[in-house]
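Asks: Input: one structure, supplied below.
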Amino acid sequence: MVLVCGASVWPLAIQAQTTTAVRRIGVLLGLSTSPDDPGAGEILRPLKTTMRDAGWIEDTNVRFEIRFGGGNMAKIAAAADELVALAPDLIYATGLPPVQALRQRTSTIPIVFSLVADPVGFGLINSLSRPGGNITGFVVWDLSIGGKWMQLLQEIAPDLQRVGIMYNPDTAPYAPPLIASAKASAIRNATVIELHVRNDSDIHTAATSFANQPNGGLLVIPEPFTNANRDKIIAQSDEFRLPTLNPVFGAADRGALISYTYAFDVMMRQPASYIDRILRGETPSNLPVQAPTKYLLSINLKVAKALGLSVPSTLLGVADRVVE
C-alpha cells in the first residue's frame with residue numbers, strides 16, 4: 001500500500017519540481033520606437049544575455065513585456081499606464097522620463113532603471129546608498145566625472161587658457177555638479193565659461209563668439225540636446241579649430257578630438273544583476289544605486305594632427321580606441 005501510494009505521489013512531486021512559474025518583467029525603453037530600432041537591440045541583447053546567464057530563460061521562466069516611448073512624453077505616459085496595469089513582477093526602464101512616469105503610477109511594483117543622471121536630484125530615490133521605496137538602478141556616471149573630462153582635455157591640449165562648457169540647461173538640469181567638478185579641476189588659471197545652447201543657431205553663435213579669442217577648447221556635456229546635435233557641434237568645433245572633449249557616443253569617430261564615456265554594453269548588463277536579485281526576493285530599497293564600472297577613452301589622432309597637437313604617450317597608452 002505504501003509503495004502504491006508513493007508511486008502515485010511521485011509523478012506529482014516531479015511535476016511540481018519541474019513546473020516553474022513564469023515571472024513577468026515590464027520593459028519601458030524611453031527613446032526606442034520599435035523592436036527593430038537598433039537602439040532597442042543594443043539595450044535588450046546584453047540585458048537578456050546576462051539574465052539568461054543567471055538562469056532566467058525567456059518564455060520558459062521569464063517573459064518580457066516591452067513598450068517603447070520613442071522620446072515622446074505622451075507615448076511614454078501611455079506605455080507606463082499599460083505596464084502598470086499588467087502588474088508585472090518588476091519593471092525595467094531606461095532614461096529619466098520613463099522612470100518619472102512609472103513613479104507617478106506605482107509605489108509597489110519594483111522598478112530598476114538605467115541611463116538616469118541624477119536620481120536623487122530628480123526625487124526618484126532618497127539617496128544613492130539607501131534608495132528607499134520601490135526604485136533602484138544604475139546612473140550614467142558619477143557626477144564628479146566632470147573633473148575627469150577637464151583633466152583629459154587639458155592633458156591633450158595643454159595650452160588651453162579658456163574652456164567652454166556647452167550644454168542645454170533646459171534638458172540638463174543635472175549639469176551644475178558636473179560643471180562644478182570641471183571647474184575645480186581646471187589648471188593653469190584656465191577660465192571656464194558656460195555656453196548655453198537651445199537650438200541650431202545657438203550652437204553656431206556660441207562657437208563663433210567663443211572662438212573670437214585664442215587658446216580655447218570645448219567640453220560638451222552629454223544630454224538630450226547635445227546627443228541629438230552631436231554632428232553639428234563637432235562641425236562647429238572643426239570649423240573654429242577648437243580642441244573638444246565630447247563624451248556623446250560616437251563623437252571621436254565622427255570628428256571630436258577626444259571622448260571619455262561609460263562602456264555602453266557593460267552598463268546594459270548591470271541591471272540584470274538587480275533584476276535577478278529582486279525576482280529572488282530582495283527589495284529595491286536595500287539595493288544601492290550604482291555608477292558605471294567601466295569607462296572608455298577614445299582619441300582621434302587625425303583631428304589632433306589637424307589641430308597641431310601632439311598626443312602624450314601616456315594618453316595613447318591608456319586609450320581604449322584610437323581613430324587614425
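Asks: Listed residues ALA206, ALA157, ALA182; which is modelled with pLDDT of 95 or more, more than 30 Å from VAL120 (Cα to Cα) and crowded, with 22+ Cβ neighbours inside 10 Å?
Replies: On inspection, the qualifying residue turns out to be ALA157.
Asks: Restricting the search to region 235-250, which residues are touching a Pro at 6+ places or on another chain (Cβ under 9 Å) and not polar (S, T, N, Q)?
Replies: PRO247, VAL248, PHE249 - these are the residues of region 235-250 that are touching a Pro at 6+ places or on another chain (Cβ under 9 Å) and not polar (S, T, N, Q).
Asks: I need the full set of residues from region 279-295 which are surrounded by fewer than 21 Cβ atoms within 10 Å (Cβ to Cβ) and more than 30 Å from PRO312 (Cα to Cα), in order please.
Replies: LEU279, ARG280, GLY281, GLU282, THR283, SER285, ASN286, LEU287, PRO288, GLN290
Asks: Another one. How many of the residues making up region 39-62 are surrounded by fewer than 16 Cβ atoms within 10 Å (Cβ to Cβ) and out of contact with any Ser or Thr (no Cβ under 8 Å at 6 or more places or on another chain)?
Replies: 10
Asks: Just give me the residues in region 126-142 being touching a Ser or Thr at 6+ places or on another chain (Cβ under 7 Å) and closer than 27 Å to PHE249 by Cα, in sequence order.
Replies: GLY137, PHE138, listed by residue number.
Asks: When you check LEU124 against the structure, is it modelled with pLDDT under 95, in a loop (DSSP other than H, G, I, E, B) and either buried (at least 20 other Cβ atoms within 10 Å of the Cβ) or in contact with a helix residue (DSSP H, G or I) (Cβ under 7 Å, 6 or more places away or on another chain) (or both), yes or no?
Replies: Spelling it out, it is not the case that LEU124 is modelled with pLDDT under 95, in a loop (DSSP other than H, G, I, E, B) and either buried (at least 20 other Cβ atoms within 10 Å of the Cβ) or in contact with a helix residue (DSSP H, G or I) (Cβ under 7 Å, 6 or more places away or on another chain) (or both).
Asks: Out of everything in region 243-254 that is surrounded by fewer than 22 Cβ atoms within 10 Å (Cβ to Cβ) and either of a type in the set (A, V, I, L, M, F, W, C) or out of contact with any strand residue (DSSP E or B) (no Cβ under 7 Å at 6 or more places or on another chain) (or both), what residue ends up being nearest to ILE165 (Cα to Cα)?
Replies: PHE249
Asks: Which residues, taken from region 65-90, are within 21 Å of the chain's Cα centre (by Cα) and either under 17 Å from GLY137 (Cβ atoms) or not assigned by TED's automatic domain parsing to the domain that holds ILE111 (or both)?
Replies: Matches in region 65-90: GLY69, ILE76, ALA80, LEU90.
Asks: Tell me whether region 166-173 contains one or more residues that are assigned to a loop (DSSP other than H, G, I, E, B), closer than 20 Å to ALA228 by Cβ and of a type in the set (Phe, Trp, Tyr).
Replies: The answer is no, given that none of the residues of region 166-173 is assigned to a loop (DSSP other than H, G, I, E, B), closer than 20 Å to ALA228 by Cβ and of a type in the set (Phe, Trp, Tyr).
Asks: Continuing with this model, one more query. Would you confirm, using the coordinates I've provided, whether ALA78 is surrounded by fewer than 16 Cβ atoms within 10 Å (Cβ to Cβ) and closer than 27 Å to GLY281 by Cβ?
Replies: No.
Asks: Having 1 or more residues that are at pLDDT 95 or above, closer than 12 Å to LEU28 by Cβ and touching a Phe, Trp or Tyr at 6+ places or on another chain (Cβ under 7 Å) is the bar; report the strands (runs of 3 or more DSSP E) wholly within region 62-119 that clear it.
Replies: 90-94, 111-116
Asks: All but one of (1) among the polar types (S, T, N, Q); (2) buried (at least 23 other Cβ atoms within 10 Å of the Cβ); (3) under 18 Å from the mean Cα position of the chain (by Cα) hold for ASN229; state the number of the condition that does not hold.
Replies: All conditions are met except number (2).
Asks: Look through region 296-324, keep the residues that are in contact with a Pro (Cβ under 9 Å, 6 or more places away or on another chain) and not β-branched (Val, Ile, Thr), and return whichever of them is surrounded by the fewest Cβ atoms within 10 Å (Cβ to Cβ).
Replies: PRO312
The values are calculated or read from the model by the stated rules, or taken from the named source; none is laboratory data. Here the structure is a predicted model, which is why all the values come from computation and not from measurement. Cβ: placed from backbone, ideal geometry, glycine included. Neighbour counts: every protein chain shown.
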